[in-house]
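Written out below as structure tokens is the structure these notes cover.
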């Protein structure tokens, strides 16, 4: 056996997925041990992903042909600059899982912990597989792993209301999955291949057909549903707000991004096959701009902090989609950087909100007055996250807003530029209310006065993430430089 | 000559560090005060240490982070920036002392002094910003850092004021962001240059949009008339905050931003060709007059001060928009002149309120006999605003008028004259009443300091307080800063060689901008 | 056979798909919605198998006496996989519906909407 | 809302018609779908994989990773169902005045869901062993004849459900011992990970199978191991899904 780094790419999704099967076995002895085991697995996955990222920067993309069958005859996983998204994915999970250790004690009965941790690992494995694979059918399967585990994670803690939210999520999610499957089937029927680039090449070589356009369009619609772009967002707020906070963090920060990764795959397909999606990208931009404003606008009326965070996800997806739709270098780079930044910020916010809810048992702004005094560290993290999500400099959110905006203006789309810049103001209205509540109002509830800072297993991740929001804001250029070559390739293909 | 140096970065960092230390010190009064003062002095020293070099023609710059080509966070202390930094950091020392006295019994002092330090830090950051991005970053930070100070009282009124303040300034920030982005896509860079970075090739319409976005953005902070709504309302903040932030740091940052836009982003030549500046000038002229009239109608002192501030800021904006060297000089020196005069007035008002609880102009009868030094300083500032020779305000008006004549803007002289008259109309009655007015026998609200003795001054004051009309001067911590500022007002008006704030730097700034042969080169 | 310009096998897929979609969209009962989803899934599977078949070909099992034409094995593999996925989703959905029924006492969307 | 749903269906129908109208005529051997990847599998599949059933060859060898994800999907379904709170803890107050919309509520944990006639019960008991043998055959001969791991899992699962219906859940549950469940349910993903690693060691490619004729037995063993993992794991998961759903 010769060790090669590209073979290690295969282990990246397999490690968490196989470990997920072991979680119930570990938990049989001790439910708490399952948490530790899961943490170790996420940590290993993150380490592997980071190691691969370093190889990637040094040597270029790593490709593994599973089973040794060269594409298009086998399944190909690519660890390129887009696939490197799996490194932050695993890292975020490695921060969320320790947070969940203590969080679960108050919200999920002990006998279901094993299932919870297994679902987390399945979710991670699915997300990684989704971002690595360039095989369309494989993409569908990875998406289903993510989806099924997400549906269950939404309902894991709650009772009926959570189940209802999860079912709404499931019904819409399944239709979108079905659209993906249909599109894959259509593309297969047209080309006889399943490898994304092979499909695109064969489409480019054949005569343009409405069927191919239909396939791409239904892929795009499906991913737009997964990404919860504005008019198709209805499933998101309830699901993300009702889920336990570590789950909300994962769902809102990471899982919705499969829609975005999927859209990038559609862009690759369209670019390589020469199918013009002009009308569609116009629509994307318009919906993105509307989503920015509407998501923020709807967030204003929420009293529940998690519901507010959920709506802000809709707004942020608007940023990303607008950036992708603009299809100019700065905007697309900004959008892809925002995929990371939004994940970082949203995980920070949901974990901080989770800490507050866990320590006080309250979740509406009206009840949480004055909590900034009893939970100073957690609330400071929340504040930093809020500043970042609004896009105030020099936080992480600013970098992405800056580049997407720059793209809009340099593409001559001044209206979209202004929509982007001013949409954030709506978001700010809400966060000001939140900050006022936390810091500048007297406590009205005893739970708030009596609250103490959460244990370190919860506080540590929150503080680390909040610090990262700031650091990434200052050194966002590195992210940008990392993603720019990939964007160049993507746009070069689309331009040809 | 460009010199690589850490000091432009160090200056804002000092007070960031201080903010952290203040928060760490928290309950410990001594260390909190120590760190606050320490940082103020240290920063002044850092800024002052750059003065000789700048006078010799050096420009210190510190690149920090490059985000992408043409976009970086970098600091650069040119003459104009240094001048602005000198004004703020000198005033910070003074205000810190005042604030220590004033906030003695307020709640949440750690938060107050922490954010106070951050505010000043960001102001210096604005002064030393090398490009629009850095400027924008500190501009937004300033907004955020001021907010806790505005809502410090945590009353519903303060929260409402805070909300209005944020709405205005965040919208302003968004305009600056949009303007910066458009500038970047039109010019390919954001670094300020003496001749401007934009060119006619960007297209007149684009340039108009950029100009409007940037001027509106900075104009919100500079409180140009239709955008001024937040300033009077934000006066609910404690007096040192109103003084430093709403007479100096925040609003001056706006004016500073506008001048940067006019001279270093567009450039005097380009703007002269485009003619946008004259609209801005007209707007500023209106602001001067309307705000003065509004000030006349305010009885509450701080609100009157606020409208006076609006009017005075517009003077600087108007001067900058005339695009002639002398007017530009006026705009630069006005930064200092107005700041010192206005802060003197705020200090005086704050002291009066502290001692007697009086907040309205109509209540001030006889106060001049009670607090002679405080009201003396107040009078000096008022005279400066009216524009009497030997006071700082006169210098501004002098250069401005000369500049206006150069620009053939005779109407501007009329505006100046009217403004002086209006200033006289709203300051002199107060002074008159203070010295000659008879105290009406009314049940007055008592000042916060009556009765409870904390320092020596107050004991004396408290003892005499009972006898109406007796002397009850403010304690030294409040009085000394007031007097220092008043002294500066006179110094600035009489001599060019004010320690720390020589007119020659302002001259260098103007020479640099207009590409003239400077006095030292 | 061609009907409305579309191969009749594909037409069957379209009809089946739309029947499922109609059930999903218009039925108030959650179980019926789920059935609609399953019908849609079946439609897509049928489409896949149709796309992979060849007139008169043998199943892709190369034992003695078969050939020379074989159906494409990939769609079969995909459909097999797809069925398992569909079963999994259905299982989760059913479990959720049981939950909803236990909590609300109903699985009619019309009634659920009014409930907290 | 009424017409919106209908409109959606009509639009979907129109779009789909437009899309499929353009497809290459189905059933023609020269369509691109038949001449590309599939053709190669048909041509060289037997030689490359040693399997006559090319569907199984695709599932296990060419696209083994898909199948890995597939067993993961069904495993997630089980975990998902287990993760949900038990359904029977309905609110005590809503039992009487609101009649159940569908007969979802079970009467009691130990009772049969459906009353089964003795004839059916007898037939199930009679056929049970044959069904089991059929499932095993389908598993073992899956790579040369119709069948395979999943089919076998489905048959086993169906058999389990039939037994549970006839003999009661408790009796059926004995078929899958409680202590072994967590191991058996994990067999699918684990066997893939294990055999994948073995393949990696032997061939240098994850999920690879040794191709040379000498390693025939080894390859056969690996394939059967994966098939057993899929079948047993899948069957246990299906059985548990059934049990978890209502008790």
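For a quick check, take a GNM of chain C with Cα springs below 10 Å and name the residue from C:57, C:86, C:46 with the largest mean-square fluctuation.
Sorting by GNM fluctuation, first place goes to C:57.
Based on the mean of other Cβ atoms within 10 Å per residue, sort peptides B:410-422, A:269-281 so the most packed one is first.
Taking the mean over residues of other Cβ atoms within 10 Å, the ranking is A:269-281, B:410-422.
On a 0 to 90 degree scale, rounded to 10, what angle separates helix B:410-436 from the longest Cα axis of chain B?
Rounded to the nearest ten degrees, it is 20.
Which order do the peptides D:137-148, A:475-486 come out in when sorted by mean C-beta neighbours inside 10 angstrom, highest first?
Going by the mean number of other Cβ atoms within 10 Å, highest first, we get D:137-148, A:475-486.
Using a basic spin-label model with each label point 7 Å from the Cα along Cα→Cβ, how many nm lie between residue B:28 and residue A:4?
Each label point lies 7 Å from its Cα, and together they span 6.2 nm.
Could you work out how far apart the two model spin labels at residue B:417 and residue A:201 are, taking each label as a point 7 Å from the Cα in the direction of the beta carbon, and quote it in nm?
Placing both labels 7 Å beyond Cα along the Cβ direction yields 8.5 nm.
What average count of beta carbons from other chains do you get within 10 Å of the Cβ of residues in A:402-410?
If you average over the peptide's residues, the count of other-chain Cβ atoms is 6.
Return the Cα extents of the protein assembly as shown along principal axes one, two and three, sorted largest first, each rounded to a whole Å.
119, 67, 61
Which of rounded, prolate, oblate describes the stretch B:280-363, given a ≥ b ≥ c as roots of the alpha-carbon gyration tensor eigenvalues and a/c under 1.5 marking rounded, otherwise prolate only if a/b is larger than b/c?
Cα axes put the stretch B:280-363 in the oblate bin.
Ranked from highest to lowest mean number of other Cβ atoms within 10 Å per residue, what is the order of the peptides A:463-474, D:58-69?
Ranking, from highest mean packing down: D:58-69, A:463-474.
What is the mean number of Cβ atoms from other protein chains located within 10 Å of the Cβ atom of each residue in peptide D:43-55, rounded to a whole number?
4
Sum -39500 (n - 2.57) across every DSSP H segment of at least 4 residues in the protein assembly as shown, then divide by the residue count to get the 222 nm mean residue ellipticity, nearest 500.
One gets -24000 deg cm²/dmol as the mean residue ellipticity at 222 nm.
Can you put D:160, B:256 in order of Cβ neighbours within 10 angstrom, beginning with the fewest?
In increasing order of surrounding Cβ atoms, one gets D:160, B:256.
Could you grab the relative contact order for the stretch A:1-134? Cα pairs under 8 Å, six or more apart, rounded to a whole percent.
Dividing the mean separation by the residue count of the stretch A:1-134 yields 39 percent.
Cα axis of helix B:132-150 to longest principal axis of chain B: angle in degrees, 0 to 90, nearest 10?
In chain B, helix B:132-150 runs at an angle near 20 degrees to the longest axis.
Please report the equivalent ellipsoid semi-axes of chain A, computed as sqrt(5 x eigenvalue) of the Cα gyration tensor, largest first, in whole Å.
Computed over chain A, the values are 35, 27, 20 Å.
Report, to the nearest 10°, how far helix B:372-386 tilts away from the longest principal axis of the Cα atoms in chain B, using its own Cα long axis and a range of 0 to 90°.
Relative to chain B, helix B:372-386 is tipped by roughly 30 degrees.
Mind checking which of C:45, C:17, C:70 has the largest fluctuation in a GNM of chain C, springs on alpha carbons under 10 Å?
Judging by the Gaussian network model, the answer is C:70.
How many partner chain Cβ atoms sit within 10 Å of a residue's Cβ in peptide B:209-218, on average, as a whole number?
1
Please state the Cα pair-distance histogram of chain C with 10 angstrom bins from zero: what percent is in each bin?
Calculated over all Cα pairs of chain C, the distribution is 13, 30, 27, 17, 9, 3, 0 percent.
Output the Cα-based Rg and Dmax of chain D in Å, rounding Rg to one decimal and Dmax to a whole number.
Just the Cα atoms of chain D yield Rg and Dmax of 23.1, 72 Å.
The numbers here are math on the coordinates, done by the rules we state, and not lab data. A quick note: this is a predicted structure, and the numbers were derived from the prediction, not measured. Because the Cβ atoms are built from the backbone with ideal geometry, glycine has one as well, and the counts that use them run over all protein chains shown.
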